[in-house]
Amino acid sequence: MKSIKKSWIIIAVIVLAVFILYSSFKGSYNKMATMDEAVTSQWAQVENVYQRRADLIPNLVATVKGYAEHEQETLEGVIEARSKATSVTIDPTNLNPQTIQQFQAAQDGLSSALSKLMVVVERYPDLKANQNFLELQTQLERTENRISVERRSFNNSAQEYNTFIRLFPKNILASMFGFEKKAYFSAQEGSEVAPKVEF
């Protein structure tokens, strides 16, 4: 009788231990999957605001072209930079430092071309007073602010995910199930010096 009771206790303890272990694994896996999806979703927001900027550029170029037709080289530079920036796409499951750097380099090229365009605009007072241009310029400034906000949110989301998958014992589960560290956006070289912007 005692041995049967003892056997049931041992079986109950084993079942309870297996259930606790299963629950822990399941909870950790589901949390990693949820956080991975949050990083992917935040990346989509980053791409969304960059796309908004790219969508504003043709209208901006068309407006400037009407006033500054002999600035063709600058306008073509903006169009080419936009084309390069929109051609770089990243699979959200492959957010590593190299792909983020490649994406960022293409976007930085577009930012540089836009800066040159704004310098050209300085030579045309009628253009600077044009209501359509002013509205596009305001939308572009707001979009640049949104880019900054979304990049910061992406970095926060990636940081939470990266921290979670690196903590013990979750790091063992993360490596077993293929959850890998996500890359961050970082400041470009020379960004510690504020650029001079004049409108």
(request) Please verify whether the range 41-64 includes one or more residues that are of a type in the set (Phe, Trp, Tyr), surrounded by 17 or more Cβ atoms within 10 Å (Cβ to Cβ) and touching a residue at least 24 places away in the same chain (Cβ under 8 Å). (result) yes
(request) Tell me which of these Pro125 doesn't satisfy, since it passes every other one: (1) within 22 Å of the chain's Cα centre (by Cα); (2) under 15 Å from Glu71 (Cβ atoms). (result) (1)
(message) Based on this model, can you work out whether Ile79 counts as within 30 Å of Phe179 (Cα to Cα) and β-branched (Val, Ile, Thr)?
(response) no
(message) Restricting to the range 18-40, and then to whatever is among the small types (Gly, Ala, Ser) and surrounded by 13 or more Cβ atoms within 10 Å (Cβ to Cβ), can you tell me which residue is modelled with the lowest pLDDT?
(response) Ser24
(message) For a quick check of your reading: which helices (runs of 4 or more DSSP H) sit entirely within the range 108-182 and have at least 2 residues that are small (Gly, Ala, Ser)?
(response) 131-166, 170-177
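Just checking, which of Asn132, Asn145 is surrounded by fewer than 16 Cβ atoms within 10 Å (Cβ to Cβ) and either modelled with pLDDT of 90 or more or farther than 13 Å from Val64 by Cβ (or both)?
Answer to the selection: Asn145.
Out of Val39, Val78, I need the residue that is under 30 Å from Tyr124 (Cβ atoms), within 27 Å of the chain's Cα centre (by Cα) and not aromatic (Phe, Trp, Tyr). Which one?
Val78
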(message) Checking Ala105 against (1) closer than 20 Å to Asn162 by Cα; (2) surrounded by fewer than 16 Cβ atoms within 10 Å (Cβ to Cβ), only one condition comes out false. Which one?
(response) (1)
(request) Inspect the range 85-93 for any residue being outside any helix (DSSP H, G or I), over 30 Å from Glu180 (Cα atoms) and among the acidic types (Asp, Glu) and give the result as yes or no. (result) no
(request) Kindly provide the set of residues from the range 156-178 that are in contact (Cβ under 8 Å) with a residue 12 or more places away in the chain and of a type in the set (Val, Ile, Thr), ordered by number. (result) Ile165
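The values are calculated or read from the model by the stated rules, or taken from the named source; none is laboratory data. None of the values given here were measured: they were computed from a predicted structure. As a convention, Cβ positions derive from the backbone with ideal geometry for all residues, glycine included, and neighbour counts pool all protein chains shown.
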